[in-house]
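Worksheet: one structure, shown below.
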There are 2 protein chains.
Amino acid sequence: MDIKKTITIVKIGGNIIDDVSELKQFLSDFSKIEGAKVLVHGGGKSATKMAKSIGLVPQMIDGRRITDAAMLKVVVMIYAGQINKDIVAQLQANNTNAMGFSGADGNLIQSEKRNHPTIDYGFVGDVQGVNTPLLETLISNGIVPVFCAITHDKQGQLLNTNADTIASELAIALSEVFEVTLNYCFEKPGVLFDADDNSSVIENINPELYAKLKAEKAIHSGMIPKLDNCFNSLSKGVQKIKIGHHRMLQDKTEIYTNIEL
Amino acid sequence: MDIKKTITIVKIGGNIIDDVSELKQFLSDFSKIEGAKVLVHGGGKSATKMAKSIGLVPQMIDGRRITDAAMLKVVVMIYAGQINKDIVAQLQANNTNAMGFSGADGNLIQSEKRNHPTIDYGFVGDVQGVNTPLLETLISNGIVPVFCAITHDKQGQLLNTNADTIASELAIALSEVFEVTLNYCFEKPGVLFDADDNSSVIENINPELYAKLKAEKAIHSGMIPKLDNCFNSLSKGVQKIKIGHHRMLQDKTEIYTNIEL
């Protein structure tokens with residue numbers, strides 16, 4: 001029997017990025033994870049702050065942020081430049097051989113500009129494919145890839161892309177060659193029955209319970225795309241998915257949400 | 001006899017970076033260079049523009065730019081983010097498998113914060129070492145590394161570093177395993193006898209001629225660190241160095257300066 005090696009993928013959200021000491025602690029914990037690993041990071045508030053400081057007005061349609069050309073420049077600078085390189089330098093200081101990537105680098109993640117019938121999202125990309133052979137080569141050479149949420153269309157256009165989706169697509173692609181555990185880390189201890197009660201963590205959720213909670217409107221709307229992503233990833237070969245606070249990575253907490261089929 | 005493979009290293013300056021159509025043409029030409037290759041890019045005027053637009057005042061001591069913490073944030077965003085990812089995406093569109101790096105990525109270029117007896121340059125790094133084995137692994141996997149002028153100290157600190165020096169240090173490191181041709185591309189057709197006369201290109205310069213021209217003050221002061229870098233690189237194993245306009249890369253011009261020992 002062909003036994004696959006394991007890999008841990010961790011996605012961290014903006015709340016960790018925005019908190020210098022929390023990020024430092026997280027990166028130290030992440031460095032201690034044994035074996036192959038990948039980090040995917042969101043953006044935090046710096047891009048919005050920078051956009052405001054240079055006079056850009058956030059464009060929103062139906063509550064969705066629109067990435068126009070000026071905003072794309074800002075997110076590329078902040079996500080692929082400032083945040084990504086700061087994380088890489090800190091991981092290197094922790095003796096983790098991190099290498100920071102956008103999807104354009106090595107054509108690691110190719111996407112296409114979103115073509116929506118009624119909303120022009122601007123320079124937003126939906127993932128089309130992952131360059132798995134190159135990613136595997138990097139990982140097998142001891143590299144720890146650190147992805148920001150920028151991809152490209154292979155025609156010279158960079159595109160803003162959802163970080164949760166990037167983590168999910170990387171997990172699916174890598175599940176061809178690895179047993180993948182995907183960890184979504186955020187400020188809450190897991191998926192909650194009651195969004196205002198951190199002690200109401202759903203410890204296990206499967207498609208049946210998910211359908212039931214959705215029907216009862218008992219799932220916070222922000223959690224729905226995250227969980228859709230998770231079930232999609234599990235159905236496509238990802239072994240294990242956890243949602244919770246990043247403390248779960250070092251077994252500092254036993255409370256988190258386990259997503260299962 | 002052990003015959004080394006060849007590699008071409010190209011450094012481009014700010015004038016190309018600042019000119020959208022010139023950069024596009026250059027990247028198309030660069031993509032046509034056969035065999036292994038590496039690109040090193042400077043910064044251009046975007047970092048200064050961005051610094052001004054967020055209210056930073058450039059700090060200068062004795063005509064030298066000082067990189068304080070706020071300016072470092074800006075150069076990291078612009079060099080490693082905006083410029084580097086734009087170049088990588090354009091090269092990918094030209095079917096060149098580019099991957100963009102700061103020195104922190106994969107610990108490819110480690111530096112130390114400059115310690116000057118009288119001037120505090122701020123977050124400026126002098127190159128200490130290149131991770132040649134990893135760089136060679138990437139290149140042998142068909143990757144075309146694209147370096148911006150940011151390095152790190154392996155203690156978590158990013159550092160602003162001279163792009164000419166990065167090109168030179170990469171050339172020296174790679175000369176252990178490759179026959180290296182290093183091309184410094186800028187807006188002039190080469191090193192000039194008369195800085196105001198583009199037809200006065202010095203076609204060949206060796207240490208004797210260089211010493212003579214320096215003694216006669218016939219070399220533009222801005223060219224001196226560049227040439228010092230060149231002779232240093234040649235004495236440490238780099239095979240061939242050319243200085244000129246980027247047209248020289250595609251033999252569109254036969255005029256450039258050849259640096260020789």
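Within 10 Å of each Cβ of A:187-200, how many other protein chain Cβ atoms are there on average? Don't jump to the answer; show the numbers that get you there.
Working: counts 0, 0, 0, 0, 0, 0, 0, 0, 0, 0, 0, 0, 0, 0.
Going residue by residue through A:187-200 and averaging, the value is 0.
Give the whole-number value, in cubic angstrom per residue, of the convex hull volume spanned by the C-alpha atoms of the protein assembly as shown. Kindly include the intermediate steps, with their values, before the conclusion.
Working: hull volume 88.2 nm³, N = 522.
Roughly 169 Å³ of hull volume per residue.
A straight Cα-to-Cα reach below 19 Å connects residue A:214 with the aspartates and glutamates A:194, A:196, A:197, A:203, A:228, A:260, residues fewer than 8 places away in its own chain not being considered. Compute the FRET efficiency between residue A:255 and residue A:49 as 1/(1 + (r/R0)^6), taking r as their Cβ-Cβ distance and R0 = 41 Å, and round to the nearest 0.05. Efficiency for this residue pair is about 0.80. Considering only A:7, A:35, A:124, and ranking their Cα positions along the charge dipole of the range A:5-187 that arises from unit charges at the beta-carbon of Lys, Arg, Asp and Glu, the one farthest toward the positive end is A:124. Rounded to the nearest 20 debye, the dipole magnitude of the protein assembly as shown is 480 debye, with +1 charges on Lys and Arg beta carbons, -1 on Asp and Glu beta carbons, and the Cα centre as origin. Relative to one another, the C-alpha centroids of the range B:93-117 and the range A:173-216 are positioned 38 Å apart.
Each residue of the range B:195-206 is assigned a 3J(HN,Hα), and the resulting list reads 4, 9, 10, 5, 8, 9, 5, 7, 6, 9, 9, 10 Hz, derived from the Karplus form 6.51 cos²θ - 1.76 cosθ + 1.60 (θ = phi - 60°), x at Gly and Pro. GNM, chain A, Cα, under 10 Å: largest mean-square fluctuation among A:111, A:28, A:199? Of A:111, A:28, A:199, the Gaussian network model singles out A:199 as fluctuating most.
Net charge of the neighbourhood of residue B:113, taken over other residues with C-beta under 11 Å away and scored Lys/Arg +1, Asp/Glu -1, is -3. For the range B:98-108, 3J(HN,Hα) computed residue by residue from phi via the Karplus equation (6.51, -1.76, 1.60; θ = phi - 60°) reads 6, 9, x, 9, 9, x, 5, 5, x, 6, 5 Hz, glycine and proline entered as x.
Near the amide H of residue A:40, within less than 5 Å, lie the amide hydrogens of A:10, A:11, A:12, A:147, all on another chain or at least 5 residues away, with H placed in the peptide plane. Straight-line reach from residue B:212: taking Cα to Cα under 21 Å and skipping same-chain neighbours fewer than 8 places apart, the lysines in range are B:226, B:242.
Once the cut-off is 13 Å, how many percent of the Cα-Cα pairs in the range A:75-134 end up in the long-distance tail? Could the numbers behind the result be given before it?
On the way: 1238 of 1770 pairs.
Counting every Cα pair in the range A:75-134, those more than 13 Å apart make up 70 percent.
In the elastic network of chain A, a GNM with C-alpha springs shorter than 10 Å, the most mobile of A:207, A:117, A:225 is A:117.
For the peptide B:135-142, the mean number of other protein chain Cβ atoms found within 10 angstrom of a residue's Cβ is 3. Listed by chain and number, the aspartates and glutamates whose alpha-carbon sits under 17 Å from that of residue A:37, ignoring those within fewer than 8 places in the same chain, are A:29, A:136, A:164, A:169, A:176, A:179, A:251, B:105. Taking Cα centre as origin and charging only the Cβ of basic (Lys, Arg, +1) and acidic (Asp, Glu, -1) residues, the dipole magnitude of the range B:99-185 rounds to 180 debye. Residue order for A:220, A:152, fewest other beta carbons within 10 angstrom first, comes to A:220, A:152.
Show log10 I(q)/I(0) for the range B:220-261 at q = 0.14, 0.23, 0.26 Å⁻¹, two decimals, from a solvent-free Debye sum over equal Cα scatterers. Computed log10 I(q)/I(0) values: -0.35, -0.82, -0.93.
Under the convention that each Lys and Arg Cβ holds +1 and each Asp and Glu Cβ holds -1, the size of the dipole of chain A around its Cα centre is about 480 debye.
Normalised by 2.2 N^0.38 Å, where N is the number of residues, the alpha-carbon radius of gyration of chain B equals 0.98.
Could you pull out the pairs from A:32/A:113; B:5/B:73; A:11/A:113; A:45/A:154 whose alpha carbons sit more than 32 Å apart here? Can you show the working numbers first?
Working: A:32/A:113 37 Å; B:5/B:73 38 Å; A:11/A:113 23 Å; A:45/A:154 28 Å.
A:32/A:113; B:5/B:73, as the Cα separations exceed 32 Å there.
Over the range B:118-237, the fraction of Cα-Cα pairs per 5 Å bin, rounded to whole percents and listed from the shortest bin up, is 2, 9, 17, 19, 18, 14, 12, 7, 3, 0. Residues whose amide H comes within less than 5 Å of that of residue A:66, counting only those at least five positions distant or on another chain, are A:59, A:60, A:61 (H built at 1.01 Å from N in the peptide plane).
Computed from the coordinates by the stated procedures, all read-outs in this text should not be read as laboratory data. None of these values were measured; they are calculated from a predicted model. Every residue, glycine as well, gets a Cβ built from its backbone with ideal geometry; the counts of neighbours run over all protein chains shown.
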